[in-house]
1. With bins 10 Å wide starting at 0, give me the P(r) of the range 343-391 over every alpha carbon pair, in whole percents.
2. For the range 374-479, which semi-axes, largest first and in whole Å, follow from the square roots of 5 times the eigenvalues of its Cα gyration tensor?
3. I want to check the label-to-label distance for residue 70 and residue 268. Put each point 7 Å from Cα in the C-beta direction and report it in nm to one decimal.
4. Using the alpha-carbon centroid of each, what span in Å lies between the range 328-365 and the range 181-215?
5. How large are Rg and Dmax for the range 158-307 when calculated on the C-alpha trace, in angstrom?
6. How big is the chain along each principal axis, measuring the range of its Cα positions in Å and listing the largest first?
7. Rank 75, 463, 333 by how far each Cα sits towards the positive end of the charge dipole of the chain (+1 on Lys, Arg Cβ; -1 on Asp, Glu Cβ) and give me just the farthest.
8. Show 187, 477 ordered by accessible area, largest first, where the area counts protein heavy atoms only and the probe is 1.4 Å.
Amino acid sequence: MASTLLSRQLALSLQVNLRLAAPGCRYVSKAAHKTQVDFEYDGPSMKTQVPGPHSLELTKRLGEIQNVAAINFFCNYEESRGNYLVDVDGNRMLDIYTQISSIPIGYNHPALQKIMTDPQNVSAFVNRPALGILPPKSFPDKLTESLLSVAPSGMARVQTMACGSCSNENAFKTMFIWYRNKERGHSTPSDDDITSCMINKSPGCPDLSILSFMGGFHGRTMGSLATTHSKAIHKLDVPSFDWPIAPFPMLQYPLEEFVRENTQEEARCLEEVEDLIVKWRQKGMPVAGIVIEPIQAEGGDNHASPAFFKSLRNIARKHSCAFHVDEVQTGGGATGKFWAHEHWGTDDPADIVSFSKKLLTGGFFYKPELQAEKPYRIFNTWMGDPSKNLLLAEVLNVIRRENLLAEVTRSGKALLQGLHELQAKYPGLLSRARGQGTFCAIDVCNGDTRDKLILTTRNMGVYLGGCGDQSIRFRPSLVFKEHHVHIFLNIFNDILAQHK
Ligand code: PSZ
């Protein structure tokens, strides 16, 4: 009964929203190529400045309850479709930020709506289990159908978690437990281990470290925050660990024009990594694991070459450190491959790969030797959410059925080419266009101008995000097609032309 009602409501809402926007949206160049996407709007449509009056009123109300300083505007998720995010003032924006890179196949995708209305799935949404002790009978099948079907090379084990930070936090614990087990020769912990760990002292709480990179972002919980080095505001006032921090290569773009300089820069960073590993071992805080993003995202979309990552992986192996690749932001297809590390072209990319965002559930894949031997070592109440696996399985079906990775590669090429053209046209304003797939970025002459450009672009119907000190980052969903690229480029070009 309830589900019939839901499907009727859904059919009704789709009927209403299938109606396309009034043609000839004022900001969209007529030259922008348009293809009819089943249920999407045909362009941005702006009614007020953003945030509009209704958003401001709601921000004020929420401000009486919590801190609202970061809120951009309030959304109407019911009306949002595909690449278009609609706000509470009726503004419809082309969304190239997608909830900080987290919407895999656009808003209200009909295939996902269908999962919600299937009576067989209701119990997964209504009864959230404590997965570590009482999983539902469908769980092994659903994991196989969803996460294991996209397992990175060499990894057939996965642990789900709630968010990205929580996934990294537990991945770090996994690496520490693995490291200590190796040191003990897999024997039982000593009495000293057991008593000292209860008062946060070694040997039970050992002096081990995780090596991370300047500019990296791995989360905001205490352990993951110790490896985050993108912005001071994330870290200020929070006690942390004295763990080694290596420089991440600062490459020159376009990469193919600066091969010699960039190779030198990467060699410098790799050398520093080895030095730090040796130094921290001498300090009595051996490096149990190295954590790195395939493209530093929050830190400013910093790229490094496949050769760099392969050498780093070898350094980890040589020094018996685990190698953890954080694909929380890069994973899920935006680079044109499902995992960004696939671009490295190696069969053994990592010991741990963590994910969240576009994968809908957080978690991490890991090598069998990193499996903790005892129960309750890597554990919490929910350990993920099986309803997210249902949705993820369908997202993966859509990606395969609609060949979305090829689409991403195609629209990514158009986007990067467009960014290169704009940077050639406005050299005083834009520089360092870079990207892989649609995971692209461009630098603006300074942070203030970047922020201003993002706001102006938003008022003209395109929602963008920033990263690093002065970059704009592009994080569309996987259904962002070439004609969406042209809608954006036309609008952005007009804004740049008028920029003083
Ligand atoms: O300001 C913030 O807290 C933001 S803005 C974007 C993120 C965080 N990204 C999250 C993220 C990530 O990009 C990488 C590479 N690793 C871990 C995380 C943490 O994920 P969450 O936010 O789910 O805890």
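1. Distribution as computed: 19, 43, 32, 5 percent.
2. 35, 20, 13
3. Distance between the two pseudo-spin positions: 3.3 nm.
4. 29
5. Calculated on Cα positions, Rg and Dmax stand at 17.3, 59 Å.
6. Over the chain, Cα extents along the principal axes are 73, 62, 47 Å.
7. Working it through, the farthest residue towards the positive pole turns out to be 75.
8. Values: 187 60, 477 5 Å².
Result of the area sort, largest leading: 187, 477.
The values are calculated or read from the model by the stated rules, or taken from the named source; none is laboratory data. Predicted model only: the values in this text are computed from it and were never measured. Methodologically, a virtual Cβ is constructed for each residue, glycine included, from the backbone with ideal geometry; neighbour enumeration extends over all protein chains shown. Only protein heavy atoms, including side chains, enter the accessible area calculation; ligands, DNA and RNA are left aside. Shrake-Rupley method; radii C 1.70, N 1.55, O 1.52, S 1.80 Å.
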